[in-house]
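Here the structure is laid out as structure tokens; the discussion comes afterwards.
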Amino acid sequence: MRRLAVWAATAVFALVVYLLLTMWTGTWGLWSLSELIAGAVMSCIVGAACGGLLWERGGWRMLMPHRWLLLVLYVGPLFVAMARANIDVAWRVITGNIRPGIVRFDPQLKTDLARTILANSITLTPGTLTVDVSEHSGAFYVHWINVTDDSPTPEQVCGGFPAWARRIAE
Amino acid sequence: MNALIYILLAVGALFNGLGALALLRFPDVYTRIHGATKCTTFGSIFSIVGVVVYGFSQGGGEGGTLAVHALLALFFLLLTNPTGSHALARGAYRGGIKPAQAVVDRLEKGKR
Amino acid sequence: MTALTVLQVLLLVLLVMCGVLAVWLKDLLGSVIALAAGSLLLALQFYLLQAPDVAIAEAGIGAALTTALFVLAIRKTRRKEEE
Amino acid sequence: MRLLTGEGFWSPLVWLALAAGVALLAWALRSRGRQDYKRGTEQETPFLSGEPMPEGVHVGGQHMYWGFVEALRPVIDRLRAFHSGVVSDYVTWLVVMLAVVFLVVMLS
Amino acid sequence: MSFAMHVPILAIAAPLLGAFSLPLMAKVHHRLRDLWAIIVGAFTVAMIVTLAVQVFGGGIQVYTLGAEAPDATLGPEGFPIRITLVADAMGAFMALISALLGGAALVYALGFAQDGKGKTLSMSLLLLLWAGMLGLKLTGDLFNFFVFLEITTVAACGLIAYRVWESRPPEAAFKTLVMFILGGLMVLLAVALLYGEYGALNMAYLSNQIGGGLIDRMALGLLVGGLLMKAGAVPMHMWAPDAYGEADANTAIVLVANTQAGLYGLLRMLFTLYGGAATPEVGWLITSLGALTVLVTVLMAVVQHRLGRLVAYGAVSQIGYMLLAAGVALVTVGARPEFGQLALQGSVFHMINDAACIGLLFLCVGAVHRATGTGDLRSLGGLAHTERWTSGFFLLGALALAGIPPLNGFASKLMIYQSVFMLSPILAALAVLASILLLAVFVRAFQGAFLGPRQNVVSKPPSPAMLIGMGVLAAVVIAFGLFPDVMVRHVVAPAAEALWTGRDAYMAAVLGG
Amino acid sequence: MSFELPFAVAAAVLAAFMLVSVLRLGIGPTAADRAVALDTVNTLVVTTMVLLGAGLGQVILVDVAIVYALLSFVSTLYIARYLEGGWE
Amino acid sequence: MIGNLPFVAAMVLVVLGLWTLMTRRNLIKLVVGIVLIENGVNLLLVSLGYVRGGVAPIYTYAPEGTPVDIPMVMPTPQALTLTSIVIGVATTALLLTLAVLIHRHRGTLDVRKIRELRG
Amino acid sequence: MSVVVRTVARLLLAPVAIFGAYVVMHGHLTPGGGFQGGAVIASAIALVVVAFGAQRLRKQKKTLSVLEDVGATAFAVLAFLGIGVTFFYNALAGTGGLFGQTVPIGPNPGALNTGGLLPLMNWAVGLKVLAGLGSMVLLLGLLGGDDDR
Amino acid sequence: MRWLRIAALLVVFGFLLGAAVWMRPFGEPLATGMDDHFIERSQEEVSANNTVTAVLFDYRGFDTLGEATVLFCAVLGVALVLRRWAR
């Protein structure tokens, strides 16, 4: 039953991607009938083939729709942070003043997906780059281009992202 | 509409250029990854959004397909780019490349 | 049209540069990286020459699979080109 | 049964007849030989330059044309060096031949 | 009638389909696999023989793939747009050679290969190599020619590395693969140049168009370079002893056929594609390379101490004879004298003789290797005490190859000597000298391995399947030795004629009119 | 159709940035630097392809960009994994 | 406009690959050389099929006016190139596998040391 | 690889596979076809090999080899379907059946059920290529163990 | 040996470069009859929009079969070479 649910979720995910790819192919409406049938069949096959690998642990949390809404909302703060990051990098490229180092902090995230979201956000935002994530403790090792504190709190490094990640994926 | 697309393209090119420049100017691998990843991703967002705006302004099946496919490309780019950089940084660190001019290196003490 | 011409010439020069790098680098991994970059640029060139089919094939095969095969082979052997 | 080759011809039947004739001749010569050699006696032990040949000696393939090979030693050594077994050399000769073919084809 | 029209494609597609489904059969049961291989092989041989009967009886067979009718070669605009298979007498003759060697190799492999998975894979590859050679010989399309060249390349090099637990076969396979890929890429470059110039890929159509321009000559140079390498002419022959010597016996004999297919490709390109523009200079080049090949490889064979490698050098020297005679024919193709035709006939006849003799020798070497576990002449000896059949077959093959009169090798060699003598007595003298040396080499090999007191423990006598494979080739050796005139008159002369003057008929068959 | 030019110009400018990245690919002291340069070239190529899909006026060409965005990741991962050492 | 630059670049790649094969000492480097030659030949083929001002030979969402007003580039070289690319990856994989096997037997990839088959 | 890479690989697996399927399926409409789509799906296999290790797919080796044989055989059989006329004759094109719809001449948005035997051949080749390239990468990746660095 | 290599490669390079330069101009094919046929007729003959696929699988389908065969051969070759090693 549980495996079937995972397969179905994977198939739906694949179907969404397929439908996006084949938008406007129909002679009526957006999708033609043959596209829909073919997409459904292919999604089922893909779900059966790679469902075992996708969403291995705690993935069911993402089945809640409000998390997807949060993910979409998250784009806003992320974009602002990215803009800041780029101006920051531009400044550093021009002036060349850097004070790099690798720091450790523990954002207390448990699921893989949350850690992934946080790590990618960190990589995309000002002056930080995830170098390693501990498998056991969940601690992040971050290359920080402008070290102000040897053992910082998560907020110093990446602001409110851990909270966002927790809200989205835990 | 045209002006908007011009601006988006210009900003995209600017940030991409910044990324390439960062690749050339920064002293070691990690800082280069910083520059390259952030700037090229950000610049690509602008460039591709320019194309998306163009596509939607064209309208119809053709323009819509262009926009949606470009958005998909952007989505995959956003998903893969930071992950690839993270993998490279991790690989470089485990491969024995120490960060240059580092003031602190917690990973060395932490776990190896 | 002129912008496209500039782009095309630039790409050809880059392609040859990547080829030279792939030959010149002693580090086999660097050589393979240069080859992958050359493959990317080759695909962009195909794209410009209006051959999207070939560009996709070059993307899937040249960039991803050939690099994977090379890296897997280097992993089982020796990385540096000995003198 | 006759293969014409311009000026000459060749027929296997003639050769077969010739071979049969030679065999007949050999048999005739053999039957005229001494009859007092017997199997199983020391009369049929082989000799090697006057000494009884030791058991198990075999002139292997390696030593048959020793003199010939020695006489041609410089040529054969050069040929062996030519077959160096290095892939780069194989490719080099290929490219050299390609150049030669190009020159022949282009300049003719 | 409708079945008879499909024979050319069935000959190629049957082994392909058989090879694709062979691993599936092996998953069911290994007996089924063997049975399937036999069925497919027999069907292919039957198709080839049918094709040969059709071609020698009724002229050139043309088959257009995907058209509304098999003989609808031309598109609506009046030139070929689809791939055509063209089986003229030469192609059918070469197909017969590959049927002989491929069938013998398949039967031999049934009794030869040992481990289960390796047997499945190697038999599948053998069928694919066979199909590749057939396609190479029957295709009438340049790019298709390249594709089949690559099939033979990859399949052959996979097979050479069969004995992975030894260190030499992978090395030989790597070297051979590098050379073959380079040759194939040269052919592809030539195809690209010709396509860029004429916008067509059909050989007959291109043959109509080709003049003597710069690009045409470049393409000719690339084709000659690449295919001479495939054929194993001297400075580029070094892969050949490696590959022949290290491959298993069943692979080696198909490789011989493969080499001859390279030679066939060369002749096809020079006579048919470039019939009007091939220069005597190319002929002289090929003649001199042939003479060089004969001499160098025979001298190298004298000093070898590994049986397989020795026979391999012998095999390459036979290619030299063919190149020599083909070059003579090319030199004289403009004037078309009698001896040029004779030279081409000798070259073509020597192909099938060489295939039978060398194939027999390789199979014997494989049996020796299997029986004693070694192929080193320094440690072999006295095998004739136990391996009666093998030694007999080896003697037969060696004598035939060296050109001892009542056997088949002499017939074709006589034609070659005669025609080469007309062109240049010195070259003929060299060829005769090399032939004598070759006899000496094989005397040495036979004496070293089979005569003398017993030296080796024979663990595995040849299996019946192996003996059948050898027996077929031995029968061919004897039959062609006894009735060369029948062979020459009915098969070899038309095949040589197809190259010598058949260009117009070829073009007429494809292009119509 | 009058709108092609800006996209083409932007693509040409991105190609110039590719030149810089290939420079880093050449001089990069370690293989990791080269890999970073490759990653940058990847991103730039994808962006260029999307731009040119609009610039050349052909929608279907954008599919190639999606393939690249997905697959360049694989080669980066292989190189990173090799750099890591101690595979498996 | 840009002359025959694509052809020239393709030929340069071919010669670079040949140079690699002739002078480099590492088996995997040899494979790199072969891949370079393949790239060169592919580039040559595709650029032979280009028609100035042409669009891709696909009718789905093609610009209005094809193929009467706007030419299409030639499809055959693209098909040939696809074939050649797949053949290239097949041969590359086999070469690399053989190189790995040779390294396993000999412990080296130096072509000057891998010459058991000589003479 | 780290948890981040593994998670992203998991997320990307289905899109890559479905995109490959899209490329194969629309081979007769948009750029792509059996080879390209097969190569894309094969790189999904390569992605699994690099992110999770080749051992994870060890059991799929046999499946892949069967798939490859089936794909190749299917392609050859599809080519044989036309042998009533000629080998490789497109027997389904333009017949009006499931795959035999005709397309309008000139630029058009395209419909999936056209092309005759082409979509089926695309699938056969796609199956063959994905299994072939995938099993090559898998076999090279499985060379672990005894003499690893 | 080194000079032989350089000389031979220079000769080959010269000829190839000459061919590239003296070939017909880039973008202006001389003979396009076959390709024009493909472009104009593929929609009605094969009813496929993508001309390249039509050429690949219909007009030149035999090449594609050969290509699939090459790939099949390579996979069999890799499996054959690694059959005692990859477990």
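The values are calculated or read from the model by the stated rules, or taken from the named source; none is laboratory data. Since we're looking at a predicted model, the values are computed, not measured. A quick note on method: Cβ atoms are made from the backbone with ideal geometry, for glycine too, and the neighbour counts reach across all protein chains shown.
Can you work out which of the residues in the range A:1-33 that are in contact with a Ser or Thr (Cβ under 9 Å, 6 or more places away or on another chain) and of a type in the set (Ser, Thr, Tyr) is surrounded by the most Cβ atoms within 10 Å (Cβ to Cβ)? So the residue we want is A:THR10.
For the range E:81-92, the tally of residues that are in contact with a Pro (Cβ under 8 Å, 6 or more places away or on another chain) and either in a helix (DSSP H, G or I) or within 14 Å of chain I (Cβ to nearest Cβ) (or both) stands at 2.
Quick check on the range E:254-275. Is at least one of its residues among the small types (Gly, Ala, Ser) and over 17 Å from the mean Cα position of the chain (by Cα)? There is at least one residue in the range E:254-275 that is among the small types (Gly, Ala, Ser) and over 17 Å from the mean Cα position of the chain (by Cα).
Residues in the range I:5-24 that are in a helix (DSSP H, G or I), within 7 Å of chain E (Cβ to nearest Cβ) and crowded, with 17+ Cβ neighbours inside 10 Å: I:PHE15, I:ALA19. No other residue among E:GLY78, E:GLY118 is in contact with a helix residue (DSSP H, G or I) (Cβ under 9 Å, 6 or more places away or on another chain), on the phi > 0 side of the Ramachandran plot and either within 14 Å of chain H (Cβ to nearest Cβ) or surrounded by fewer than 24 Cβ atoms within 10 Å (Cβ to Cβ) (or both) apart from E:GLY78. Of the numbered criteria (1) under 23 Å from I:ASP63 (Cβ atoms); (2) β-branched (Val, Ile, Thr); (3) modelled with pLDDT under 90, the one E:VAL164 fails is (1). Across the range G:2-36, the qualifying residues are those that are within 22 Å of C:TYR47 (Cβ to Cβ) and either without any contact (Cβ under 8 Å) to a residue 24 or more places away in the chain or more than 11 Å from chain I (Cβ to nearest Cβ) (or both), and the one among them that is surrounded by the fewest Cβ atoms within 10 Å (Cβ to Cβ) is G:GLY3. Among the candidates E:LEU324, E:LEU330, E:LEU310, the residue that is touching a Ser or Thr at 6+ places or on another chain (Cβ under 9 Å), within 13 Å of another protein chain (Cβ to nearest Cβ), crowded, with 24+ Cβ neighbours inside 10 Å and among the hydrophobic types (A, V, I, L, M, F, W, C) is uniquely E:LEU330.
Considering only the range B:55-71, I want to know if a residue exists there that is aromatic (Phe, Trp, Tyr) and crowded, with 24+ Cβ neighbours inside 10 Å.
Step one: list which residues in the range B:55-71 are aromatic (Phe, Trp, Tyr), which gives B:56.
This time we only want the ones that are crowded, with 24+ Cβ neighbours inside 10 Å, so: none.
No - not one qualifying residue is present in the range B:55-71.
Sub-9 Å Cβ pairs linking a first residue in the range C:42-53 that is more than 7 Å from every other protein chain (Cβ to nearest Cβ) to a second residue that is among the aromatic types (Phe, Trp, Tyr) and crowded, with 24+ Cβ neighbours inside 10 Å, at least 6 apart or interchain, are C:ALA43/F:TYR68, ordered by first then second residue. For the structure I just gave you, tell me whether E:ALA509 is of a type in the set (A, V, I, L, M), modelled with pLDDT of 90 or more, in a helix (DSSP H, G or I) and surrounded by fewer than 22 Cβ atoms within 10 Å (Cβ to Cβ). Spelling it out, it is not the case that E:ALA509 is of a type in the set (A, V, I, L, M), modelled with pLDDT of 90 or more, in a helix (DSSP H, G or I) and surrounded by fewer than 22 Cβ atoms within 10 Å (Cβ to Cβ). If the condition is being outside any helix (DSSP H, G or I) and either β-branched (Val, Ile, Thr) or within 15 Å of E:ALA249 (Cα to Cα) (or both), then the range E:102-130 contributes E:ALA113, E:GLN114. If you check E:ILE426 against the conditions, is it in contact (Cβ under 8 Å) with a residue 12 or more places away in the chain and not hydroxyl-bearing (Ser, Thr, Tyr)? Here the answer is no, as E:ILE426 does not meet what is asked. Flag not set for A:ILE122, criterion: closer than 16 Å to A:LEU78 by Cα, out of contact with any strand residue (DSSP E or B) (no Cβ under 6 Å at 6 or more places or on another chain) and not in a loop (DSSP other than H, G, I, E, B).
The number of residues in the range F:8-56 that are facing chain B (nearest Cβ under 9 Å), surrounded by fewer than 24 Cβ atoms within 10 Å (Cβ to Cβ) and touching a strand residue (DSSP E or B) at 6+ places or on another chain (Cβ under 9 Å) comes to 1. Of all the residues in the range I:25-45, those that are more than 7 Å from every other protein chain (Cβ to nearest Cβ) and buried (at least 22 other Cβ atoms within 10 Å of the Cβ) number 1.
Can we say E:GLY199 is under 23 Å from E:VAL510 (Cβ atoms) and without any contact (Cβ under 8 Å) to a residue 12 or more places away in the chain? Yes: the conditions hold for E:GLY199.
Scanning the range E:267-281 for residues that are within 12 Å of another protein chain (Cβ to nearest Cβ), surrounded by fewer than 24 Cβ atoms within 10 Å (Cβ to Cβ) and either in contact with a Lys or Arg (Cβ under 6 Å, 6 or more places away or on another chain) or part of a helix (DSSP H, G or I) (or both) yields a count of 2.
Helices (runs of 4 or more DSSP H) fully within the range E:341-459 that include at least 3 residues being more than 24 Å from the chain's Cα centre (by Cα) and more than 17 Å from E:MET470 (Cα to Cα): E:408-423, E:425-450. Filtering the range E:121-170 to residues that are among the charged types (D, E, K, R) and in contact with a Cys (Cβ under 9 Å, 6 or more places away or on another chain) leaves only E:GLU150. Examine the range H:88-106 for a residue that is under 23 Å from C:VAL54 (Cα atoms) and surrounded by fewer than 20 Cβ atoms within 10 Å (Cβ to Cβ), and state whether such a residue exists. Yes. Summed over the range F:33-67, residues that are part of a helix (DSSP H, G or I) and under 30 Å from G:GLY65 (Cα atoms) total 20.
Quick grid of which residues meet (1) modelled with pLDDT of 85 or more; (2) more than 7 Å from every other protein chain (Cβ to nearest Cβ):
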site	(1), (2)
B:LEU21	yes, no
B:GLY43	yes, yes
B:VAL52	yes, yes
B:ALA67	yes, yes
B:LEU71	yes, yes
B:LEU88	yes, no
B:ALA92	yes, no
B:GLY96	no, yes
B:PRO99	no, no
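Of all residues in the range B:4-17, those that are surrounded by 17 or more Cβ atoms within 10 Å (Cβ to Cβ) have Cβ atoms under 9 Å from Cβ atoms of residues that are not in a helix (DSSP H, G or I), 6 or more apart or on another chain, in B:ILE5/F:PHE3. Helices (runs of 4 or more DSSP H) fully within the range H:1-93 that include at least 2 residues being more than 30 Å from F:LEU61 (Cβ to Cβ) and away from chain C (no Cβ under 14 Å): H:3-25, H:60-80.
Would you check if C:LEU10 is crowded, with 24+ Cβ neighbours inside 10 Å, out of contact with any Pro (no Cβ under 9 Å at 6 or more places or on another chain) and assigned to a helix (DSSP H, G or I)?
The answer is no for C:LEU10.
Screening C:GLY62 against (1) in a helix (DSSP H, G or I); (2) in contact with a Phe, Trp or Tyr (Cβ under 9 Å, 6 or more places away or on another chain); (3) not aliphatic (A, V, I, L, M) leaves a single unmet condition, (2).
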